[in-house]
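Engineer: Pasting a structure below so you can have a look.
The values are calculated or read from the model by the stated rules, or taken from the named source; none is laboratory data. Predicted model only: the values in this text are computed from it and were never measured. Here the Cβ positions follow ideal geometry from the backbone for every residue, glycine too, while neighbour counts run over all protein chains shown.
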Amino acid sequence: MSSFVTGATGFIGRHLVSELVDHREGPIFVLVRKSSLPRMETMIQQWTGGAGSSRIVPVIGDLGQAGLGVDPEWVAEHVGKVDHFFHLAAIYDMTADDATNDAMNVDGTRYALALADALQVGCFHQVSSVAAAGDYHGHFDETMFDEGQPLPSPYHRTKFESEKIVREESTVPWRVYRPAIVVGHSETGAMDKIDGPYYFFPLIKRLRDNLPSWLPLVGVDLGDTNLVPVDYVAKAMDHLAHLPDRDGEAFHLVNPEPQPVVDMINSFCAAAGAPRFATPIDRGVTGGVTGMLPRSLRPSSLFSAVVRTAPAHLLLNQTLGRLGIPAEVVGHTSFPSVFDSKATERALAGSGIGVPDLESYARTLWSFWEENLDDTTGRDKRNRAALKGKHVVITGASSGIGKVTALKVAQAGGIPVLVARGKDKLEETKATIELRGGQAYVFPCDLSDLRAIDDLCERLSSELPTVDFVVNNAGRSIRRSLRLSHDRFHDFERTMQLNYFGAIRLIIGLMPKLHEQRSGHIVNISSIGVQTNPPRFSAYVASKAALDAWSNVVASEVVGHGISFTNIHMPLVRTPMIAPTKMYDKFPTLSPAQAADLVIQAMVEKPHEINTLAGNAGAVAHTFAPKAAFRVLNLAYQVFPDSAAAKAKAGPTDVEPVVAAVPDAAVGGDEAGGRESEQLLMARLFPGVHW
C-alpha cells in the first residue's frame, strides 16, 4: 500500500507522515520543491529516528504548477501504484490576502486533483477546514456543505471553494477532513508557527509579568471556539483514511464539546500563572434574553460585525496589533457554528483515538511556546546589543534552564557554547538552533570530574575566539534532613563537588582567557535557599552559599580587568526534576523560560545579584528576627516531612531528585488532606522557596 503526500513538511503533514511510517506498509511519496530537498532529508531522519528509510521517497514538484510540476515520466511509471493521495499543502492563515489564498488553496487543489487523476489513485484525501462552514449559525454536521453560508474572509472562501472542487471535479474516490483550530502536540507541545490562540500568548505573558495571579479580571462572553491538538488530527486522519467503504464522506476533526473562548483563554492563563478572566453575567442568564432577539442583533453577532469593519481594524491594529494580535484574528475568535462530529466519533470507536481535554495539555502548549516560539528576547534591542556575536558558555545545557537559555541567547544573535554530559541532547539543541538560523557549539563534559573540566577549559580557550559569558547552571540538589544523613557524608561531598568545586574549577580555568580579553561576565545560578535557609537542603544550600561567597571575594580582585559576576538566587523552577512530585503542580513556580529570562537579564544588565521578593523577605527576616524566622522554618520542617526516597538506604552513587514527593500513602487520608492544605498554604505564603 503506497501513499502520496503534499504538504509533508507542513505542521499537520509532518505528523501524518510520522503516523504512516509507524502504522502503514509501502512507500510514502512526498512532494518537495528542489530547493527544499536538504530540509526534506533532515525530516526523513526525524521520521525514521535517524536511521533513514527507502520507504520515504521525495518527489520533485511545486504546488503552484499544473500537475504539481511532477515529471511526466515519474507519473507514467507510477500510474495505478498510489493507493492514497493526501493533499495537505495549503495556507492556513486568517491574515493572508485573496491572491495568496487563491493560489495555494484553490489552484493548488485543482493541480493536485489533476495529478491524482493522472496517477489513477485509489482515494484522494482532501484536508479542508471547519472554515468551509463560514458564518453558518447552528449545528453543522458532516453531511452538510453548501448551505448558503456567508464566507467572511478569503480564507473561509477558498476553503469552501477547494472542497467544492474536490466534490464536483474529482474523477477518483475522495474523502474530506475538516479540522477545527489545530494547536500543538498534546504530549510535546510542538508547534511551528503563531496561529489561532497563540496570537494571544504575548498578552497573557504581559499579564503574568505585571499582575498577581490571584487578581480576577473582568471578561466578556465571546462565544465558543474549538481547538484540537495536531497529534489527534494526524492519528484520526490515518485511521479514517484506511477504513473501508467511507469514500465520499466528510469527517469533522473537532472537539465534540465546544469550548467557550473565555474558558480557553483561562486555561492558558492558568498554565502561564497569569490572572484569569471572570464573566460577571453567565450566558445561562443572558441566553434567554438574547435568544429572543433577531440573530443579527444578538451581542455575539454585533461584536463580530463591528470588529470586521475597516475603522475597527484600524483601531485594533493600533492597540492589540502592537501586542501581535492581528485585527483579522479578533473578528474570528469564536465559531457561530456548532460542529457535529458524531459520524467521526463512530468511525473512530474502538481505536483509542480521541480529543484530550485542553486543561490536560494547556501547560504543555504554553511551555513549548514560551521556550521556542516567543521572540521577545530577540526583538529586544538591548539584548541584541549585549549578546550579538558573543560566545556564551552554558553548563547544564542539555535540558531545563540551560537549554532554554541557549535558545534565547541564539535568538538574540549570541553563540551558545553548550556544555553537559549528554552529547546527544546537546547535539539536538544545536540542531534546533541551526535550523532557526543560529550558531552553536557542543562541548560534552562531566562537570563532576575536575580533570575533565581542565581539558574543557583548555579546549574552550584555544578553540573559541572569545569567552564573553559563562553561565554556571549545572548543579545537583539533595533533599534530606540531617537526622537521615548521619551515615551519608557523601551527600555533602558530591553536592560540593559539582555545585562548588566544579563551578570554580571552570571559572579558574577560563580566567587566563578572560584576563587576556580584559572582559567577561560570569553568571552563577544560585538558589533562593541561600537567603531563606529551608530545612532539609543543608547540602545543597551550603554548596550554593560557598559559590556565592567565593564569587563575591574574587569579584573584587578581577573587576579592574573588566571581569564581573552575577549571582541569581533562583526560586523553585518547573523543570523535569520536579515533575514526578505532583503536589508541586499547585505550587507557585517559575517556568524554565522565566528562569532563562533572568539569566538573560544578568548578562545584559550585569547586576551584582538578582533576587526575588520572597528571597529578600527571607534574608531580612533572618537579619532582624532570626528567632522568629527559625520558628517558621521549623514549622515548615514539620509540614514537609522527609520523602520515602530520602528515608531509603541509598548508596553513595544514588542521586535523589531536588524535591522528592511526599506520598499521601505515608499518612492516613484525613491527615494527608490536612497536610496537603498546610503545604499549599506554606508554598503560597513563601512562593518559590524549595520546601
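Engineer: For segment 362-375, does any single residue satisfy the condition of being assigned to a loop (DSSP other than H, G, I, E, B) and farther than 29 Å from LYS606 by Cβ?
Structural biologist: no
Engineer: Answer yes or no as to whether ALA503 is surrounded by fewer than 20 Cβ atoms within 10 Å (Cβ to Cβ) and on the phi < 0 side of the Ramachandran plot.
Structural biologist: Taking the combined requirement at face value, the residue does not satisfy it.
Engineer: So the check is Cβ under 9 Å with 6+ separation or different chains; which pairs have a first residue in segment 481-510 that's touching a residue at least 40 places away in the same chain (Cβ under 8 Å) and in the same structural domain as GLY529 (by TED's automatic domain parsing) and a second one that's of a type in the set (Asp, Glu) and not in a loop (DSSP other than H, G, I, E, B)?
Structural biologist: Pairs found: SER485/ASP491; ARG505/ASP454; GLY509/ASP454; GLY509/GLU458.
Engineer: Here's another thing I want to ask about it. How many of the residues making up segment 631-648 are touching a residue at least 60 places away in the same chain (Cβ under 8 Å) and surrounded by 14 or more Cβ atoms within 10 Å (Cβ to Cβ)?
Structural biologist: Total meeting the criteria: 8.
Engineer: Of the numbered conditions (1) free of Cβ contacts under 8 Å to residues at least 12 places away in the same chain; (2) touching a Ser or Thr at 6+ places or on another chain (Cβ under 7 Å), VAL471 satisfies every one except a single condition; which is it?
Structural biologist: (1)
Engineer: Still on this structure: Going by what's in this entry, would GLY413 be described as outside any helix (DSSP H, G or I) and over 23 Å from GLN46 (Cα atoms)?
Structural biologist: Spelling it out, GLY413 is indeed outside any helix (DSSP H, G or I) and over 23 Å from GLN46 (Cα atoms).
Engineer: Pairs only if they're at least six apart or on different chains, beta carbon under 6 angstrom, first in segment 363-378 and over 11 Å from GLU187 (Cα atoms), second of a type in the set (S, T, N, Q) and in a helix (DSSP H, G or I); list them, first residue then second.
Structural biologist: Taking only residues 6 or more apart or on different chains, the pairs are THR377/ASN383; THR377/GLN411; GLY378/GLN411.
Engineer: Another question, if that's okay. Within segment 578-618, which residues are closer than 22 Å to TRP366 by Cα, modelled with pLDDT of 95 or more and of a type in the set (Val, Ile, Thr)?
Structural biologist: Scanning segment 578-618 gives VAL599, ILE600.
Engineer: Given (1) under 26 Å from GLN120 (Cβ atoms); (2) modelled with pLDDT of 95 or more, identify the lone condition not met by ALA66.
Structural biologist: ALA66 satisfies every listed condition except (2).
Engineer: Check SER18, SER2 and return the single one that is under 26 Å from THR429 (Cα atoms) and either crowded, with 16+ Cβ neighbours inside 10 Å or in contact with a Phe, Trp or Tyr (Cβ under 8 Å, 6 or more places away or on another chain) (or both).
Structural biologist: Answer to the selection: SER18.
Engineer: Further question on the same structure: Specify the residue that is nearest to ALA596 (Cα to Cα); the eligible residues are those in segment 607-630 that are surrounded by fewer than 18 Cβ atoms within 10 Å (Cβ to Cβ) and among the polar types (S, T, N, Q).
Structural biologist: Among those that are surrounded by fewer than 18 Cβ atoms within 10 Å (Cβ to Cβ) and among the polar types (S, T, N, Q), it is ASN616.
Engineer: Let me ask another. Could you tell me which residue of segment 229-246 is farthest from the chain's Cα centre (by Cα), considering only residues that are in contact (Cβ under 8 Å) with a residue 12 or more places away in the chain and in a loop (DSSP other than H, G, I, E, B)?
Structural biologist: My answer is ARG246.
To keep it simple, each residue is scored yes or no on (1) touching an Asp or Glu at 6+ places or on another chain (Cβ under 9 Å); (2) in contact (Cβ under 8 Å) with a residue 12 or more places away in the chain; (3) over 17 Å from HIS87 (Cα atoms); (4) of a type in the set (Lys, Arg).
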site	(1), (2), (3), (4)
PHE11	yes, yes, no, no
HIS15	yes, yes, no, no
LEU20	yes, yes, no, no
GLY26	yes, yes, yes, no
LYS34	yes, yes, yes, yes
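Engineer: Here is a follow-up. Which pairs turn up if I take residues in segment 187-205 that are touching a residue at least 60 places away in the same chain (Cβ under 8 Å) and look for partners that are part of a loop (DSSP other than H, G, I, E, B) and small (Gly, Ala, Ser) with beta carbon separation below 6 Å, at least 6 apart in sequence or on another chain?
Structural biologist: Close Cβ pairs (under 6 Å, with a partner that is part of a loop (DSSP other than H, G, I, E, B) and small (Gly, Ala, Ser)) amount to ALA190/GLY184; MET191/GLY184; PRO202/GLY324; ILE204/ALA274.
Engineer: Another question about this same structure. When you look at ASP487, is it within 30 Å of ARG39 (Cβ to Cβ) and either at pLDDT below 95 or not charged (D, E, K, R) (or both), yes or no?
Structural biologist: Judged against the criteria, ASP487 is not a match.
Engineer: Here's something else I'd like to know. Of the conditions (1) over 18 Å from GLU371 (Cβ atoms); (2) among the hydroxyl-bearing types (Ser, Thr, Tyr); (3) modelled with pLDDT under 95; (4) crowded, with 19+ Cβ neighbours inside 10 Å, TYR198 clears all except one; give me its number.
Structural biologist: It is condition (1) that TYR198 fails.
Engineer: Now a separate question. Being modelled with pLDDT under 95 and within 22 Å of ILE600 (Cα to Cα) is the requirement here; does GLY475 meet it?
Structural biologist: It is true that GLY475 is modelled with pLDDT under 95 and within 22 Å of ILE600 (Cα to Cα).
Engineer: Quick one: which of LEU418, LEU426, LEU447 is surrounded by 24 or more Cβ atoms within 10 Å (Cβ to Cβ), farther than 21 Å from ALA602 by Cβ and in contact with a strand residue (DSSP E or B) (Cβ under 7 Å, 6 or more places away or on another chain)?
Structural biologist: Going through LEU418, LEU426, LEU447 in turn, the sole match is LEU426.
Engineer: Also, I was wondering about something else. Against the definition (more than 30 Å from TYR637 (Cα to Cα) and crowded, with 24+ Cβ neighbours inside 10 Å), how does THR466 come out, yes or no?
Structural biologist: Here the answer is no, as THR466 does not meet what is asked.
Engineer: Follow-up question, since we're still on this one. Can you tell me how many residues within segment 163-184 are touching a Gly at 6+ places or on another chain (Cβ under 8 Å) and closer than 27 Å to VAL355 by Cα?
Structural biologist: 5
Engineer: Residues to consider are VAL355, VAL329; find the one that is at pLDDT below 95, assigned by TED's automatic domain parsing to the domain that holds ILE194 and either surrounded by fewer than 21 Cβ atoms within 10 Å (Cβ to Cβ) or touching a Phe, Trp or Tyr at 6+ places or on another chain (Cβ under 9 Å) (or both).
Structural biologist: The unique qualifying residue is VAL329.
Engineer: Of the residues ILE522, ILE600, ILE508, only one is part of a strand (DSSP E or B), of a type in the set (A, V, I, L, M, F, W, C) and closer than 20 Å to GLY475 by Cα; which?
Structural biologist: Being part of a strand (DSSP E or B), of a type in the set (A, V, I, L, M, F, W, C) and closer than 20 Å to GLY475 by Cα holds for just one of ILE522, ILE600, ILE508, which is ILE522.
Engineer: Next question, about the same structure. Restricting to segment 145-160, and then to whatever is within 15 Å of ALA250 (Cα to Cα) and crowded, with 18+ Cβ neighbours inside 10 Å, can you tell me which residue is farthest from the chain's Cα centre (by Cα)?
Structural biologist: PHE160
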